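Right, one structure below, let's go through it.
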Amino acid sequence: MNRTDRLVSMVMLLQSRRVITAAQMAEHFEITERTVYRDLAALGEGGVPIVGEPGVGYSLMSGYCLPPVMFSPEEAFAFVTGGLLVERMTDASMREAIRSAMGKVTAVLPSGLQGRVDRLRKTTVIGTRPPTKGSVPLSTVQRAMAEGRVLRLDYLGAARGEPTERLVEPRGLVFYMDHWHLIAWCRLRGDMRDFRVDRIVRCETLPEPIPPHPGFNLHEHLAKCVVSERSEFAVIEIPDYLLETVRRFWGPTIVEEESVAGRRALVRFAYRAEGLDYVSRWLLSLGTDAEIVSPEALRERVSALALATAEHHRRGAK
C-alpha cells in the first residue's frame, strides 16, 4: 500500500472507531508507530481534525466524515461475493438488508462497472440449499450481540417437546454444520451453552447490559467444546474442491489440514464416539471422492453402510 492509500485508509479506520491507539494503527497497517505519528501529522496538516489524548488514543472530531470514495473493480466484486454469501448463509432478515446495501453501492459505481457487477451477480451461484428457517430473525440476535444486551429466549432443544425459557448473556455467533449457533451464558444452567438459532422460538432483547466475562475466549471455548475427552478423530483425503464443503459442514471440529499430492488435501476433524453412524452417513454422501485414512472402525462402518444401501436399492428394483 502506498502512502496516499494508507492515509485515506487511516482516516476511514479513525472514522470506524471511537478511539484507537497508535500501536493499534501500527499493527493494522503493519508499520512502525513512528510512521503512524508522521502520517497523523500529515493528515492534520491536510485539514483532517484528529483529536489525540495521551494514554487514551486518537479519534476524529465529532461530525467529521470522509467524502465517499470510489470502489475499485476488485472491491466491488468482493462486495458482490460477500453479499451472495450473506444471502446463502442467513435468513430473510439479513437478505433484505444486504440486497438494499448492494443496491446502494451499485448505484454509485460507474456505468461500465455496474454492468460487470450485475453480470457477476447473475452468473455466480453459492450453494443450492437454503438454511433452515427459524422463528426468530437472525438480525434480532445480531442486534443484541452488537448492543451487548441480555436476551430472554424460548428455546426448543433437540430432545424436548416443549420450549423452555432462558435468560442468556450472548458471547458469540458461530456458523457451522449449516446452522447459526448462539454461544451464550445460560443463567438457568449456570454455564456456557450452544443455542441453535433456528430452534429459538421467541426472542426478547432486554435493557439489561451483559456483565463482563473477563476470562472468556470464544475460540478457546469452541475448541474445548468440540474437541473434548470423548472425541474421536477422523482423517480423510479429499479433492481440493471439496475442502470448503468440509469446512462449512464440520466448522470448528477441524483440527488440522494438510495439502497432499497437489490437488488433494488431508483433513483431520473430531467427532463424538457415539456419533460414528452420523459421520459414516455423511462420508457416504461424498461417494468415491473421499478416502478414509483413519480410524479403521469408521472405514468399516462406511463400507457396511454402502453395502447395505446397495442391497436395499437392489431389492427395491425387483
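The values are calculated or read from the model by the stated rules, or taken from the named source; none is laboratory data. Predicted model, so just to flag it, every value in this text is computed and none were measured. Neighbour counts run over all protein chains shown; Cβ positions are idealised from the backbone, glycine included. Heads up: the accessible areas ignore ligands, DNA and RNA and are worked out on the full protein's heavy atoms, side chains in. Shrake-Rupley method; radii C 1.70, N 1.55, O 1.52, S 1.80 Å.
What to note about this one:
- Per the listing I98, I126, the residue uniquely open to solvent by less than 40 Å² (accessible area, probe 1.4 Å), closer than 30 Å to T140 by Cα and not small (G, A, S) is I98.
- Tally, over the stretch 17-32, of residues that are in a helix (DSSP H, G or I) and either open to solvent by less than 80 Å² (accessible area, probe 1.4 Å) or among the aliphatic types (A, V, I, L, M) (or both): 5
- Answer residue from the stretch 35-73, given it is over 30 Å from A107 (Cβ atoms) and surrounded by fewer than 10 Cβ atoms within 10 Å (Cβ to Cβ) and is modelled with the highest pLDDT among those: E45
- Cβ-Cβ contacts under 8 Å between residues 6 or more apart (or on different chains), taken from a first residue in the stretch 213-238 that is modelled with pLDDT under 75 to a second residue that is among the basic types (K, R), are listed as S228/R272; R230/R272.
- In the set L284, L298, only one residue is more than 21 Å from the chain's Cα centre (by Cα), modelled with pLDDT of 85 or more, open to solvent by less than 40 Å² (accessible area, probe 1.4 Å) and over 30 Å from L173 (Cβ atoms); that residue is L298.
- Just so you know, in the stretch 301-318 the residues that are open to solvent by 30 Å² or more (accessible area, probe 1.4 Å) and either among the small types (G, A, S) or closer than 20 Å to V246 by Cα (or both) include one that is modelled with the lowest pLDDT, and it is A317.
- Matching residues, the stretch 165-190, being outside any loop (DSSP other than H, G, I, E, B), open to solvent by 30 Å² or more (accessible area, probe 1.4 Å) and at pLDDT 90 or above: E165, L167, R171, L173, W185
- The residue that is farthest from P214 (Cα to Cα), among those in the stretch 141-164 that are among the hydrophobic types (A, V, I, L, M, F, W, C) and open to solvent by 30 Å² or more (accessible area, probe 1.4 Å), is A159.
- No other residue among S294, S280 is more than 30 Å from D154 (Cα to Cα) and either in contact with a strand residue (DSSP E or B) (Cβ under 9 Å, 6 or more places away or on another chain) or touching a residue at least 40 places away in the same chain (Cβ under 8 Å) (or both) apart from S294.
- Looking only at the stretch 191-223, and only at residues there that are in a helix (DSSP H, G or I), open to solvent by 60 Å² or more (accessible area, probe 1.4 Å) and not basic (K, R), the one that is farthest from T90 (Cα to Cα): E220
- Some residue of the stretch 5-14 being free of Cβ contacts under 8 Å to residues at least 24 places away in the same chain and touching an Asp or Glu at 6+ places or on another chain (Cβ under 8 Å): no
- Any hit, the stretch 236-247, residues being out of contact with any Pro (no Cβ under 8 Å at 6 or more places or on another chain), among the β-branched types (V, I, T), closer than 16 Å to A297 by Cα and buried (at least 16 other Cβ atoms within 10 Å of the Cβ): yes
- Yes/no for V267 being closer than 27 Å to D289 by Cα, buried (at least 16 other Cβ atoms within 10 Å of the Cβ), hydrophobic (A, V, I, L, M, F, W, C) and in contact with a Ser or Thr (Cβ under 8 Å, 6 or more places away or on another chain): no
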